[in-house]
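The values are calculated or read from the model by the stated rules, or taken from the named source; none is laboratory data. Since this is a predicted model, take the numbers as computed values, not measurements. We place every Cβ from the backbone using ideal geometry, glycine too, and count neighbours over all the protein chains shown. Each accessible area value is taken on the protein alone, full model and side chains, heavy atoms only, with ligands, DNA and RNA left out. Shrake-Rupley method; radii C 1.70, N 1.55, O 1.52, S 1.80 Å.
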Amino acid sequence: MKQVVITGNRQYAIVDRPEPKARGEFVVVKVHATPLCTEYKAYRDNQGRLIEFLGHEAAGEVVEVAQPGRVKVGDRVAVMPQAGCGRCPLCLAGDYIHCQHSPDILKATGNAAGVSTYAQYLVAQDWLLVPIPDGVSYDHGGMACCGLGPTFGAMQRMNVNAFDTVLVTGLGPVGLGAVIGAVYRGARVIGVEGYPYRAALAKALGAEAVIDPADAQALAKIRDLTGGAGADKAIDCSGSPAAQRLMLDAARRRGQVAFVGEAGDLTLRVSDDTIRKGITLHGVWHYNLADAPKIMQVIRESSALLDRFITHTLPMNRVQDAWELQLAGMCGKIVLHPWQ
Ligand SMILES: [Zn+2]
Ligand SMILES: [Zn+2]
């Protein structure tokens, strides 16, 4: 099978690898859609190390199972990111993403093939495959991964609804997905984004206003848009400390904020940011597995918006073009097709 690897700084190769085999609860999925996430950072920053296992988002068709389980050959599925032990309290509660005992897929399956989503086949645990409803394409079904997923988890946690003004800082492929999710719930959306392409796309998806983070009046503008109070709920998808600071400052008293963008240190002013404001902070990586049918409902009923959100679908051999588009901020979500 064909698989993308990163070979150097802004360099990649498409290599032939043996196809993975099903073993135990791990089944083989033929990958029809590979949504791109943050792998472009490895492409940009690589210093000559071979990076073989890329990606964590995929949708495809089950083609081999080793034992009776939750899926059968022919099922169309979205592949959830990461893995879980399936037995600990977190896994049993659907919060497998936080499992402390995740299996090593390499060891569990006995071969190196199948760990990457930038490939024609992969292996995944049968219980981490979410059925894609009839009539929903693989490209759209794959949005149940990071396209809509982490922010869907944040909105479930914060109960985002039609009474809310939601602030989304960072309108890359995750933040743009947040706009779709919040619009679906009837909320009013204010975005913060520097790239004009993405600001325009957010407005096309339903954001009422998009503010440039470089604007010295950014915070004042958000307050103006919210009657001076600030946003009811806010989600940071940028991972940038400056945007996270803006999110905290722009959230209203007794509001809620969620950190979704991966990041390092942030200075938190305990009194001013949390105690006096009475704010609730959430860290959200993904969504509870029990909510998978709900995210598929969002996907099924947001088809027209998803077609705008997915700005590029490219054959896998054009992966370099895809990563360069991401680096330039000239895209929404990009999906690769490994069989084209
Ligand atoms: Zn577990
Ligand atoms: Zn992702």
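At-a-glance table
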item: Cα-based helix-to-principal-axis angle, 173-184 vs the chain, degrees rounded to 10; result: 70 degrees
item: Relative contact order %, the chain, counting alpha carbon pairs below 8 Å whose residues are six or more apart; result: 18 percent
item: Cα-based convex hull, the range 13-81, per residue volume (Å³, whole number); result: 108 Å³
item: Helix 149-158 axis, angle to the chain major axis (alpha carbon atoms, nearest 10°); result: 40 degrees
item: Crossing angle, helix 319-328 versus the chain [Cα axis fit, 0-90 degrees, rounded to tens]; result: 10 degrees
item: The range 42-144 - Debye-derived log10 I(q)/I(0), Cα point model, q = 0.10, 0.11, 0.13, 0.15 Å⁻¹; result: -0.31, -0.37, -0.52, -0.69
item: Per residue value of the accessible surface for the range 207-274 (all protein chains in place, 1.4 Å probe), Å²; result: 49 Å²
item: Links that overshoot a 31 Å alpha carbon limit, given the list 30/294; 294/333; 2/294; 277/333; result: 2/294; 277/333
item: Carbon/sulfur fraction of accessible area - the range 5-122, other protein chains in place, 1.4 Å, %; result: 48 percent
item: Charge dipole (debye, nearest 20) of the chain; +1 at Cβ of Lys and Arg, -1 at Cβ of Asp and Glu; result: 400 debye
item: Dipole magnitude of the range 251-299 about its Cα centre (Cβ charges: Lys, Arg +1; Asp, Glu -1), debye to nearest 20; result: 380 debye
item: Heavy-atom accessible surface of the range 146-192: percent carbon and sulfur, 1.4 Å; result: 58 percent
item: 222 nm mean residue ellipticity, helices alone, for the chain (DSSP H n ≥ 4; -39,500 (n - 2.57); rounded to 500); result: -7500 deg cm²/dmol
item: Taking the range 1-119 and dividing mean pair separation by its residue count, relative contact order in percent (alpha carbons under 8 Å, at least six apart); result: 29 percent
item: Size of electric dipole in the range 38-79: Cβ of Lys, Arg +1 and of Asp, Glu -1, about Cα centre, debye, nearest 20; result: 80 debye
